[in-house]
Amino acid sequence: MTKQDDLNFNEVCERLGKSRRTVSRYISNGLLNPDRIKTEKGNLEYRFSQSEVESLKKRGRGQGTGQNIKTDRNIDDTLSLLKDTVKLLQKQLKAKDNQINKMLERQREANILTGQLQNKVFLLEDKSKGKKGQDTPDKTGDKIRKLINRIFKREEKVI
């Protein structure tokens, strides 16, 4: 019924240098495919082909157990999730960079408009200096500065 070169469970554990539990995992993960044979007492016994055990021993150095294979899958899943997250964050970063650039451009425009407004105010101030019967130039300049500060919500500086 059994071949002479077939190995039993304990012999396989010795040959591979693995525990019974590890060899059982090899069987459940399909790394080993033993023949299941009933003994004379009616018990189920595993019989392993010697060539199959030797080939597993040779390639088994880099293979690992089923737990390691599952861990490798988990690492791959984690890496792909991290790559997707990095891509999403890069996309969001580009959008924020565009928003910042637009805001800087608006700030430049506001600065130019403020400068133009100040020039016009100073021109008005110069024209009002020549007219009599109105507020003195210092009072007019103060009123205009207060108006500009209110418009741009700046704190007044005492000069």
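Worth a mention:
- Extending 7 Å from the Cα toward the beta-carbon at both Lys153 and Leu81 defines two label points whose distance is 4.3 nm.
- Pairs of alpha carbons in the stretch 9-63 separated by more than 12 Å make up 66% of all such pairs.
- Residue-normalised convex hull volume from the C-alpha trace of the stretch 72-151: 81 Å³ per residue.
Each reported figure results from applying straightforward, stated rules to the coordinates on display, with no laboratory input. Values in this document were obtained by computation on a predicted structure and should not be read as measured data. In this analysis, Cβ positions are derived from the backbone assuming ideal geometry, glycine residues included, and neighbour counts consider all displayed protein chains.
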